[in-house]
Amino acid sequence: MSKRLQQAREDMLRTVRARTEAAEGDAPTIGPLAHEAPGDDRVSAEMISHEEQYFARHESEMLQAIDIALGKLESGGAGICESCGCAIPDARLLATPTVRHCIGCQERIEKEQHSGRGPSM
C-alpha cells in the first residue's frame, strides 16, 4: 500500500506542478483568464479558468489525503476508522488507500451532510 500511495503522490505532484507552473513569460493554466487569447470569448476563457481552479483545489485535497494516509502507515494507525476506532476492511483500503472511515461511519457522515453521493473516500 505504501508503494501505491507514494506513486499516487508523485503522480499528483506532477499534475499540480503542470497546472501551477509555466514557462518563462507564460501564465500558469490556473491563472485568471490564462486561456484567453485575442478574439476569444471572454466568458468561455473565464469558465475554463474557474475549472482549472476547481481541479487544482481537488488535486491539492487529494494530495493532502495521500499525505495523511502515508502518515498513518508510518505511525501504525492505518486501517482504523477515525470515527469509531474499528478496523476498516482490507478490501476497502485496497480499493481506496486514502479512506479514513469504515463504511458504516462514512454512510452516517454522508447522511448527516446530505451529500447523497453514497460511499466515498
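The values are calculated or read from the model by the stated rules, or taken from the named source; none is laboratory data. Please read these numbers as outputs of a predicted model, since none were measured by experiment. Cβ coordinates were reconstructed from backbone atoms using ideal geometry, including for glycine residues, and neighbour counts include every protein chain displayed.
Charged (D, E, K, R) and touching a Pro at 6+ places or on another chain (Cβ under 8 Å) - does that describe any residue in region 81-91? Break it down into steps so the answer makes sense when it comes.
As a first pass, look at region 81-91 and keep what is charged (D, E, K, R): 82, 90.
Among the residues that remain, those that are also touching a Pro at 6+ places or on another chain (Cβ under 8 Å) are: none.
Scanning region 81-91 turns up no residue that is charged (D, E, K, R) and touching a Pro at 6+ places or on another chain (Cβ under 8 Å).
For region 78-89, a residue qualifies if it is among the hydrophobic types (A, V, I, L, M, F, W, C) and part of a loop (DSSP other than H, G, I, E, B), and the qualifying residues are ALA78, CYS81, CYS84, CYS86, ILE88.
Filter region 83-117 down to the residues that are acidic (Asp, Glu) and either under 21 Å from LYS3 (Cβ atoms) or in the same structural domain as GLN7 (by TED's automatic domain parsing) (or both) and list them by number. I'd like the intermediate steps shown before the answer.
Going through region 83-117, the residues acidic (Asp, Glu) turn out to be 90, 107, 110, 112.
Hit for region 83-117 is ASP90, nothing else.
Matching residues to (1) aliphatic (A, V, I, L, M); (2) in contact with a helix residue (DSSP H, G or I) (Cβ under 8 Å, 6 or more places away or on another chain); (3) modelled with pLDDT of 95 or more:
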{"site": "SER60", "(1), (2), (3)": "no, yes, no"}
{"site": "LEU63", "(1), (2), (3)": "yes, yes, no"}
{"site": "GLY76", "(1), (2), (3)": "no, no, no"}
{"site": "PRO97", "(1), (2), (3)": "no, yes, no"}
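Flag set for GLY71, criterion: surrounded by fewer than 12 Cβ atoms within 10 Å (Cβ to Cβ) and assigned by TED's automatic domain parsing to the domain that holds ALA8. In this structure, ILE103 qualifies as among the β-branched types (Val, Ile, Thr) and surrounded by fewer than 16 Cβ atoms within 10 Å (Cβ to Cβ). Restricting attention to region 75-89, the residues that are free of Cβ contacts under 8 Å to residues at least 12 places away in the same chain and among the aliphatic types (A, V, I, L, M) add up to 1. No other residue among ARG92, ARG57 is assigned to a helix (DSSP H, G or I), in contact with a Cys (Cβ under 9 Å, 6 or more places away or on another chain) and free of Cβ contacts under 8 Å to residues at least 12 places away in the same chain apart from ARG92.
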